[in-house]
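Data first, discussion second: the structure below is written as structure tokens.
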């Protein structure tokens, strides 16, 4: 009755195949075919009608973006379908093997004590030194089975289909030497009909064993500042990606709950349009900040410093390419988490990571990695299987929808709303060079600059020449990780030289975050480390008579003092905006010069678009003549539209 499934089940070890259940579907997609290993995402072959292509993308593939990674040799493997069918879920469950798969020698690759120590080091040495806002560090559960990998995967898939809930994909994929089985909650990216979606998930509620504890514990989770800030930070990071690949930059909807059998997460949906090839979309979004950290480039470096060994397929993606009804190629790519990897020697690996932020508790993060692995370990028979029949729909509890919706009241209305261009006649067509200092906040900045009618180009710090500086109306020096006084950081040195050259030439300058700190040093101010980093927090500031709530991601701040820069050969005093709560200079301005410590482009910046608009107008010498508040997008009464 189901020839492709029947053929797989008769000899599962001798074929390459995949069984995929996707959220909202009543059938399982069954794919049998041939495999090939390719070097780059661009080498993934095109899907043909009725013959999808499934790529197993390992974490090491992030080297295509030029980021640091341990090359563990895990292949970029492509399964090209030669036979394909859809089978009802209940028929698949009935057909899958029901026997026991013995799993032995369970152990963690990193002990609880050692993992807690890693958490402490990352907080102190990385976040505490301005290397980023959050980082995801994994550890592995290792075990062994004597059962052939294909049979084991099919057996465990049956348990996941019956025992798990709320997954985005539940799947088993078998190829020579590499077999994957899992139930992942998170879409990384999808492309369908020119529409790009991303689905950042962060914040983890561990379901208590006692039902009496469920509701009070969950309400505490919903109100937890750490969990909320974690989600906002990964939304910011994925909006950087959306701004790069989508013409409209991407719109945020949510937050929603993703309730599974053992855990519940909070999530947002990001949505935009792009005509890019799905392979390019996949390359530019490698990989999700929910499994790496932010900023992305530096997160990869931090991972190589603190994780022993490569990640294999963990935190990579499965990428399914297929043809839509109009013949266009579409992509669906879930993140490879909550997944077991089996090799031909019978080694079973289940990886899990915790998102480490400035106020992470090492003991709690240890528990989080254990909880995230629990659903897959239950399918392996290493943990008690969870009876999901009792589960309370947490989203339906009184007040939960309102509590989740209230989170958006503090966010930027720009990213929550349709983003039609609203050009400023004074800025229309003005050329802007956005200097990327190893953090793609610059993509969000460029998108907002274009919103004002300006022409923006983004260039990396090490590619910008003084001729580039001279060819534009405004140079926007962007943010980045690190210490602005680090003499061994070539990026910081180059930014200082470029800023000084632009000032010497008398051209308008806008500097953000790290570049604001470097400008402040050029102006003679001290820059020191905060006792407690402002990574992913919204702060109220007064910017020269304009109160605003702005998102901050910084470990260092300039301190108040006399600020003077050499501009066009003349000593130019700068006026500071000071945050008295932190004794910090949060903005500077003078003729042709403006800067801000916070991120006006951030999702966390409720008033960010108007602030950025005023700073640009100031730098270009337009103090009046245009309503600088018209850039804010709000409903009557201040409600986000």
Note down the Stokes-Einstein diffusion coefficient of region 455-577 in µm²/s, whole number, using a Kirkwood radius over alpha carbon pairs, 4 °C, and 1.567 mPa s. 84
Cα-Cα separations in region 62-192 greater than 27 Å, expressed as whole percent: 41
Need one number: convex hull volume per residue for region 413-638, Cα atoms only, in Å³. 114
Whole-Å semi-axes of region 187-239's equivalent ellipsoid, largest first, each the root of 5 times a Cα gyration tensor eigenvalue? 30, 14, 7
Over the Cα atoms, compute the radius of gyration (one decimal) and Dmax (the largest Cα-Cα distance, rounded to a whole number) for region 346-435, in Å. 22.9, 67
Alpha-carbon centroid distance for the pair region 363-441 / region 152-177, whole angstrom: 25
Show me the ranking of peptides 589-596, 437-444 by mean Cβ neighbours inside 10 Å, starting with the highest. 437-444, 589-596
How large is log10 I(q)/I(0) at q = 0.25, 0.27, 0.32 Å⁻¹ when the Debye formula is applied to the Cα atoms of region 169-215, each weighted equally and without solvent? -0.96, -0.99, -1.08
Sort region 209-288 into rounded, prolate or oblate with this rule: let a ≥ b ≥ c be the square roots of the eigenvalues of the Cα gyration tensor; rounded if a/c is under 1.5, and if a/c is not under 1.5, prolate when a/b is larger than b/c, oblate otherwise. prolate
Could you work out the equivalent-ellipsoid semi-axes for region 368-488, taking the square root of 5 times each eigenvalue of the Cα gyration tensor, largest first, in whole Å? 46, 25, 12
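So what is the relative contact order for region 431-513, in percent, with contacts set as C-alpha pairs under 8 Å and at least six apart?
Relative contact order of region 431-513: 36 percent.
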For region 451-525, what D do you get in µm² per second when you plug the Kirkwood radius from alpha-carbon pairs into Stokes-Einstein at 37 °C and 0.692 mPa s? 257
With N set to the number of residues, divide the alpha-carbon radius of gyration of region 15-109 by 2.2 N^0.38 Å and report two decimals. 1.36
Of all DSSP beta bridges having both residues in the chain, the percent classed as antiparallel (nearest 5) is 90
Which length gain, in nm to one decimal place, applies between residue 529 and residue 117 when the Cα-Cα distance is subtracted from 0.36 nm times their residue separation? 146.0 nm
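P(r) tail for the chain, what percent of Cα pairs lie past 33 Å?
Above the 33 Å cut-off, the chain has 47 percent of its Cα pairs.
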Going by Cα centres, region 458-508 and region 89-113 are how many Å apart? 53
Sorted from largest down, give the three principal axis spans of the alpha carbons of region 196-336, whole angstrom values. 52, 40, 25
Within the chain, helix-based [θ] at 222 nm, where runs of 4 or more DSSP H residues each add -39,500 (n - 2.57), nearest 500: -8000 deg cm²/dmol
How high is the FRET efficiency from residue 504 to residue 275, r the C-beta distance, R0 30 Å, rounded to 0.05? 0.15
In whole angstrom, how far apart do the alpha carbon centroids of region 29-53 and region 236-266 sit? 27
The relative contact order of the chain, taking Cα pairs under 8 Å that sit 6 or more residues apart, comes to a percentage of 14
Taking the C-alpha atoms of region 283-357, convex hull volume expressed per residue in Å³: 130
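A short reminder: the numbers here are calculations on the coordinates, not readings from a lab. Remember, predicted model here, so these are calculated numbers, not experimental data. Reconstructed Cβ throughout: ideal geometry from the backbone, glycine too, with neighbour counts over all protein chains shown.
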